[in-house]
Each structure stands twice: as structure tokens, then as C-alpha cells.
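The values are calculated or read from the model by the stated rules, or taken from the named source; none is laboratory data. Owing to the predicted nature of the structure, the values given are computational and were not obtained by experimental measurement. Here the Cβ positions follow ideal geometry from the backbone for every residue, glycine too, while neighbour counts run over all protein chains shown.
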Amino acid sequence: KAGVTQTPRYLIKTRGQQVTLSCSPISGHRSVSWYQQTPGQGLQFLFEYFSETQRNKGNFPGRFSGRQFSNSRSEMNVSTLELGDSALYLCASSPRSRLAGVYEQYFGPGTRLTVT
Amino acid sequence: DAKTTQPPSMDCAEGRAANLPCNHSTISGNEYVYWYRQIHSQGPQYIIHGLKNNETNEMASLIITEDRKSSTLILPHATLRDTAVYYCIVRALPSGGGADGLTFGKGTHLIIQP
């Protein structure tokens, strides 16, 4: 099975711009979660989508949003970029086929976003 | 969620078994133990999880003590590619419809020596 894929892998944006990141989960996985990783804060949960619905959200401002499509692919959007948004953005998919597996997450390689 | 304690770093010789301990003395009865690792510049990798019974898969074995207050992740034949930060995470199943994400602490930096 192919793993989780994320595009693009690297991105450079300017303060004030917006950005959209894409994630394709492992085939058959219906849950997609997004995380932000920075050296200072470590890995932080952004949100989870399951069956096209946002099921849970971390403590991030409304500038961070996402969506999931019927094929389980997901996108996250960050509007009005700030310098502090520079980070590695990771997507993780989960089979969620049994309840205990909800935290059995398979991560993609991430998108490295640099805001200048 | 129960707090976990892991040593900040460990060394292991290539080919030997790597035993990574995790203390979770405040674990609740409904909390699972999950192990992940993150190799430099890559996304975290799921390894294994368990509730109270020992678990084994193609990557590792998970030994949970009878009182569930600690666990050990065992990599049976460590290779240089196993050098990574290993995270022990304790989580209960989500009570609502959504998973509220994993919380990664500082983990154990395992260095496999040639």
C-alpha cells in the first residue's frame, strides 16, 4: 500500500499570503489529522477529519482551517500567514476501523512551510 | 491523559536488543499505551500499541507490566536505521466522535552504535 502523501513538500510564502496544503491518506483510511511541528512547541494537533466532517480541533486560531473530500483526501489552509507559522505541517491518516485504532496514525513526510 | 516519563537518551549496540522503558504510573484503566518514533527530518512512525496484554508485530514488542504502571518497547535486533526519537504516549479512546490528537513529549533519543 502506498503511504500518506503530502504536497507540496516545501513552500516559501510571504507574510500576509495564504497557503493550501494537500494530503492523500492511505487507501481505505477515512480519518485524517493535521499537526504542526516547530522546534519550540514540538508536535501540536491542529484538527481531525472523518467522513468529510471536522471531528475535533486543537488550540489554533481561525486562520487555520481544513476540509476533507469524499475520497478522504484532505486540505488545510492557512490565511494571513505570520512568521510564526513557519513549521513542518504533518498529515496523518488512521484506519479507525476499530475504535482503539483511532490513535494508530500513519504520518506523511510533511510540508515544510517557510514564511518570510 | 496519564503523564509518561522516559529517559532522554539511550545507546544500544547494533544487532543487540534495544529496550526502551516508559513510566506511566498514573495510567487509567481505559488508557492505551502507544509508541511512535521519529527519525530525523521525517514524520513520526507508528510502532505499536497495547492495553494490558503484551503485543508483538513485525517492528517491535511491547511489554506492559501487570499493574500497567510501566512498559518497555523492545526492538529485537537494532540496526543503525533505528536511531530515532521514541515516544511513549498514553491515551484513552475519544469519548466523543473525534480524536483530539496525539501529544508527543520529549521522548527518548535512541542512538544505535555500530
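Farther than 25 Å from residue A:60 by Cβ, surrounded by 13 or more Cβ atoms within 10 Å (Cβ to Cβ) and either at pLDDT 95 or above or more than 10 Å from chain A (Cβ to nearest Cβ) (or both): is that true of residue B:75 in this structure? Lay out the reasoning, then the answer.
Values: farther than 25 Å from residue A:60 by Cβ: yes; surrounded by 13 or more Cβ atoms within 10 Å (Cβ to Cβ): yes; either at pLDDT 95 or above or more than 10 Å from chain A (Cβ to nearest Cβ) (or both): yes.
The answer is yes for residue B:75.
Taking residue A:18, is it more than 11 Å from chain B (Cβ to nearest Cβ), exposed (fewer than 13 other Cβ atoms within 10 Å of the Cβ) and of a type in the set (S, T, N, Q)? Outline the logic, then answer.
Values: more than 11 Å from chain B (Cβ to nearest Cβ): yes; exposed (fewer than 13 other Cβ atoms within 10 Å of the Cβ): yes; of a type in the set (S, T, N, Q): yes.
Considered against the rule, which asks whether it is more than 11 Å from chain B (Cβ to nearest Cβ), exposed (fewer than 13 other Cβ atoms within 10 Å of the Cβ) and of a type in the set (S, T, N, Q), residue A:18 comes out as yes.
Checking residue B:19 against (1) within 14 Å of the chain's Cα centre (by Cα); (2) assigned to a loop (DSSP other than H, G, I, E, B); (3) at pLDDT 95 or above, which single condition isn't satisfied?
Single failed check for residue B:19: (2).
Of the conditions (1) surrounded by fewer than 16 Cβ atoms within 10 Å (Cβ to Cβ); (2) modelled with pLDDT of 95 or more, residue B:10 fails just one. Which one is it?
Here residue B:10 meets the rest and fails (1).
Please work out which residue is surrounded by the fewest Cβ atoms within 10 Å (Cβ to Cβ), limiting yourself to the range B:40-63 and to residues that are away from chain A (no Cβ under 14 Å) and either part of a strand (DSSP E or B) or out of contact with any strand residue (DSSP E or B) (no Cβ under 6 Å at 6 or more places or on another chain) (or both).
B:58
State the number of residues belonging to the range A:66-108 that are at pLDDT 95 or above, at the interface with another protein chain (Cβ under 8 Å from one of its Cβ atoms) and not in a strand (DSSP E or B).
Count: 1.
Just name the residue that is nearest to the other protein chains (Cβ to nearest Cβ) out of those in the range B:19-36 that are within 22 Å of residue B:59 (Cα to Cα) and among the polar types (S, T, N, Q).
That would be B:23.
Looking only at residues in the range B:78-103 that are free of Cβ contacts under 8 Å to residues at least 24 places away in the same chain and surrounded by fewer than 20 Cβ atoms within 10 Å (Cβ to Cβ), which one is nearest to the other protein chains (Cβ to nearest Cβ)?
In the first step, residues of the range B:78-103 are kept if they are free of Cβ contacts under 8 Å to residues at least 24 places away in the same chain; the result is B:94-101.
If we keep only those that are surrounded by fewer than 20 Cβ atoms within 10 Å (Cβ to Cβ) as well, we get B:94-98.
Working: B:94: 6, B:95: 11, B:96: 7, B:97: 5, B:98: 3 Å.
If we take residues in the range B:78-103 being free of Cβ contacts under 8 Å to residues at least 24 places away in the same chain and surrounded by fewer than 20 Cβ atoms within 10 Å (Cβ to Cβ), then B:98 is nearest to the other protein chains (Cβ to nearest Cβ).
Given B:112, B:27, which one is within 30 Å of residue B:14 (Cβ to Cβ) and touching a residue at least 60 places away in the same chain (Cβ under 8 Å)?
Numbers: B:27 fails: within 30 Å of residue B:14 (Cβ to Cβ).
Answer to the selection: B:112.
Consider residue B:71 against the criteria (1) in contact (Cβ under 8 Å) with a residue 60 or more places away in the chain; (2) in a strand (DSSP E or B): it satisfies all of them except one. Which criterion is unmet?
(1)
Just one of A:70, A:65, A:51 is surrounded by 14 or more Cβ atoms within 10 Å (Cβ to Cβ), hydroxyl-bearing (Ser, Thr, Tyr), free of Cβ contacts under 8 Å to residues at least 24 places away in the same chain and more than 25 Å from residue B:37 (Cα to Cα); which is it? I'd like the intermediate steps shown before the answer.
Working: A:70 fails: surrounded by 14 or more Cβ atoms within 10 Å (Cβ to Cβ); A:51 fails: surrounded by 14 or more Cβ atoms within 10 Å (Cβ to Cβ).
Within the list A:70, A:65, A:51, the selection yields A:65.
Can you report the number of residues in the range B:13-29 which are buried (at least 18 other Cβ atoms within 10 Å of the Cβ) and aliphatic (A, V, I, L, M)?
We begin by selecting, within the range B:13-29, every residue buried (at least 18 other Cβ atoms within 10 Å of the Cβ); these are B:18, B:20, B:22, B:24, B:27.
Those left that are additionally aliphatic (A, V, I, L, M): B:18, B:20, B:27.
Of the residues in the range B:13-29, 3 are buried (at least 18 other Cβ atoms within 10 Å of the Cβ) and aliphatic (A, V, I, L, M).
Of everything in the range A:32-60, what is within 10 Å of chain B (Cβ to nearest Cβ) and under 11 Å from the mean Cα position of the chain (by Cα)? Give them in sequence order. Spell out the reasoning first.
As a first pass, look at the range A:32-60 and keep what is within 10 Å of chain B (Cβ to nearest Cβ): A:33-35, A:37, A:42-51, A:53-58.
Within the range A:32-60, A:33, A:34, A:35, A:37, A:44, A:45, A:46, A:47, A:48, A:49 meet the criteria.
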